[in-house]
Amino acid sequence: MIETNRSKLLDAYYANAIGRDLFLSAQRRLKADHAATIETGRLPKPTSPT
């Protein structure tokens, strides 16, 4: 799931559908989600988009 979201994020960025700031923010969130998954062995709770 995280890899799918990462791929979609990159696609949106390359298509100029999102700006650099939003891209970097979402990338940081995905990185934190990935780290939490590794730490706990399960997916983190979903967060609402801002």
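Values in this text are rule-based calculations from the coordinates and carry no lab data. Predicted model only: the values in this text are computed from it and were never measured. FYI the Cβ positions are ideal-geometry reconstructions off the backbone, even for glycines, and counts take in every protein chain you see.
For region 1-44, applying the loop criterion from DSSP together with a ceiling of 12 other beta carbons within 10 Å to the trypsin sites (Lys or Arg not before Pro) yields ARG42.
Scalar couplings 3J(HN,Hα) for region 4-20, obtained by applying the Karplus form with A = 6.51, B = -1.76, C = 1.60 to θ = phi - 60°, are 4, 5, 5, 5, 5, 4, 4, 4, 5, 5, 5, 8, 6, 7, 9, x, 4 Hz; x denotes Gly and Pro.
The length gained on full extension between GLN27 and ASN5, counted as 0.36 nm times the residue separation minus their Cα-Cα distance, comes to 7.0 nm. Looking at the square roots a ≥ b ≥ c of the eigenvalues of the Cα gyration tensor of region 1-45, which shape do they give, rounded for a/c under 1.5, prolate if a/b is larger than b/c, or oblate? The shape class here is prolate.
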